[in-house]
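Written out below as structure tokens is the structure these notes cover.
The values are calculated or read from the model by the stated rules, or taken from the named source; none is laboratory data. These numbers come from a predicted model, not from an experiment. Every residue, glycine as well, gets a Cβ built from its backbone with ideal geometry; the counts of neighbours run over all protein chains shown.
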Amino acid sequence: MLLSMRAVVCAELGSVVVSSREPLEPGPGQVVIAVEAAGVNYVDGLFVQGRYQIKPPLPFIPGGEVAGTVSALGPGVSEPAVGTRVLAMCGLGGFATEVLVPATSAVPIPDALDAARAATFTQSYGTGLYALRDRARLRAGEKVLVLGAGGGVGLAAIQVAVALGASVLAAASSPAKRSAALAAGASEVIDTSSSSADLSVDLKTAARSWSGGGVDVVYDPVGGALAEPALRALGNNGRYLVIGFASGTIPALPLNQVLLRNRSIVGVDWANWLMSDPAAQHAQLTELLAMVAAGTLTPIAPTTAPLQEAATVMDDLLNRRVTGKIALLPR
């Protein structure tokens, strides 16, 4: 058999290479997707570095989010039909020209989404909706502080918050990221670059001033030094959403600040929810795609790169050099 599939392979932790493999054959209940775009997420870099809590056996193909066209059906599968444009969460295996997924995981893409935006949609927007609506119980008219607002997760959170009727103060570290946050719907931005003034004072003061005394929700995918001033920026009954730690530092927060003003710290593990309740996640994705089709959400076009640049792209993500989302184009 000719080796016609190309994939990014992690054979030893800390590095990847692009190599050829045999084409995939679907088993019962499976489909093969010819990958047109693969979304690159922070977690992909953690997998390759061996820093994620789940450690797949070597060798493995990273990449958990893809979009493309169904190219083959396994026994017992009739839908989605061959030729259908779909997106899928695959966990691993996405950085390749082909990926194998359960047929139920391949979701048709609306015409409003091209492959690159579809491949960078599910994780960021799914996390945003789950965090803000289901975990924080965000209400129309509330005020949200989004940290790391220029990254893909932050930009999605801005759009979801605005779609739910809230207003957003976006905190980001570069002019490009702050501009992207405003374009996504933020009402105002604040500079969190290391060259700005005392962030612990500026962030808290700016957020309290903007919100009229304290924000209702903090959306934090960053952690690190901004966590405590963001917690202090919460008003009465404020909710602090712990999304992740892109800064590389897990903060130690003073619990007296949680006690004060009846604040809450709320964990958001979207991936765990996805695995524990796939039917609910499928319903959420259907709802999100309907919001895209209706124009309520407008996913931002990602930066794209060829498959052979996967290592550079993951390094850029881990070091927070990316504005918005980024996708690999395998073909």
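No other residue among LEU259, LEU329 is surrounded by fewer than 17 Cβ atoms within 10 Å (Cβ to Cβ) and more than 19 Å from the chain's Cα centre (by Cα) apart from LEU259. Evaluating LEU203 against the criteria (1) modelled with pLDDT under 95; (2) surrounded by fewer than 21 Cβ atoms within 10 Å (Cβ to Cβ) leaves one unmet condition, (2).
Scanning the range 77-121 for residues that are in contact with a Pro (Cβ under 8 Å, 6 or more places away or on another chain) and acidic (Asp, Glu) yields a count of 1.
Residue check: PRO278 meets all listed conditions (1) touching a Phe, Trp or Tyr at 6+ places or on another chain (Cβ under 8 Å); (2) surrounded by 14 or more Cβ atoms within 10 Å (Cβ to Cβ); (3) not charged (D, E, K, R) but one, namely (1).
Only one entry of PHE95, PHE121 meets the criterion of being in contact with a helix residue (DSSP H, G or I) (Cβ under 7 Å, 6 or more places away or on another chain) and either closer than 30 Å to GLY14 by Cα or aromatic (Phe, Trp, Tyr) (or both), and that entry is PHE95. None of ALA294, ALA271, ALA301, ALA283 is surrounded by fewer than 16 Cβ atoms within 10 Å (Cβ to Cβ), aliphatic (A, V, I, L, M) and either closer than 28 Å to ARG321 by Cβ or in contact with a Lys or Arg (Cβ under 7 Å, 6 or more places away or on another chain) (or both) except ALA301.
Working only within the range 306-331, note down all residues that are basic (Lys, Arg) and either outside the structural domain of GLY39 (by TED's automatic domain parsing) or in contact with an Asp or Glu (Cβ under 9 Å, 6 or more places away or on another chain) (or both). Across the range 306-331, the qualifying residues are ARG321, ARG331.
So that you can scan it fast, the table gives a plain yes or no per residue for (1) of a type outside the set (A, V, I, L, M); (2) modelled with pLDDT under 95; (3) over 26 Å from THR303 (Cβ atoms); (4) in a helix (DSSP H, G or I):
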residue: CYS10; (1), (2), (3), (4): yes, no, no, no
residue: SER19; (1), (2), (3), (4): yes, yes, no, no
residue: PRO23; (1), (2), (3), (4): yes, yes, yes, no
residue: ALA34; (1), (2), (3), (4): no, no, no, no
residue: VAL43; (1), (2), (3), (4): no, yes, no, yes
residue: ARG51; (1), (2), (3), (4): yes, yes, no, no
residue: PRO56; (1), (2), (3), (4): yes, yes, yes, no
residue: VAL66; (1), (2), (3), (4): no, no, no, no
residue: SER78; (1), (2), (3), (4): yes, yes, yes, no
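Of the helices (runs of 4 or more DSSP H) lying entirely inside the range 96-170, the ones with 2 or more residues being in the same structural domain as VAL218 (by TED's automatic domain parsing), surrounded by fewer than 22 Cβ atoms within 10 Å (Cβ to Cβ) and not basic (Lys, Arg) are found at 152-163. When the range 65-82 is filtered for residues that are farther than 12 Å from ALA34 by Cα and either under 22 Å from the mean Cα position of the chain (by Cα) or touching a residue at least 60 places away in the same chain (Cβ under 8 Å) (or both), only GLU65 remains. Is there a residue in the range 294-303 that is part of a helix (DSSP H, G or I) and either polar (S, T, N, Q) or not assigned by TED's automatic domain parsing to the domain that holds SER20 (or both)? Checked against the condition, which is being part of a helix (DSSP H, G or I) and either polar (S, T, N, Q) or not assigned by TED's automatic domain parsing to the domain that holds SER20 (or both), the range 294-303 yields at least one hit.
Residues in the range 304-331 that are more than 24 Å from ARG6 (Cβ to Cβ) and assigned to a loop (DSSP other than H, G, I, E, B): ASN319, ARG320, ARG321, THR323. Is it true that LEU285 is part of a helix (DSSP H, G or I) and under 23 Å from LEU169 (Cα atoms)? Answer is no for this residue. Checked against the criterion of being outside any loop (DSSP other than H, G, I, E, B), under 22 Å from LYS325 (Cβ atoms), of a type outside the set (Ser, Thr, Tyr) and modelled with pLDDT of 95 or more, the range 252-266 has no qualifying residue.
Take the conditions in contact with a helix residue (DSSP H, G or I) (Cβ under 8 Å, 6 or more places away or on another chain), within 24 Å of ALA246 (Cβ to Cβ), crowded, with 18+ Cβ neighbours inside 10 Å and in the same structural domain as GLN159 (by TED's automatic domain parsing) and apply them to GLY39. Does it pass? Break it down stepwise before answering.
Working: in contact with a helix residue (DSSP H, G or I) (Cβ under 8 Å, 6 or more places away or on another chain): yes; within 24 Å of ALA246 (Cβ to Cβ): yes; crowded, with 18+ Cβ neighbours inside 10 Å: yes; in the same structural domain as GLN159 (by TED's automatic domain parsing): no.
Answer is no for this residue.
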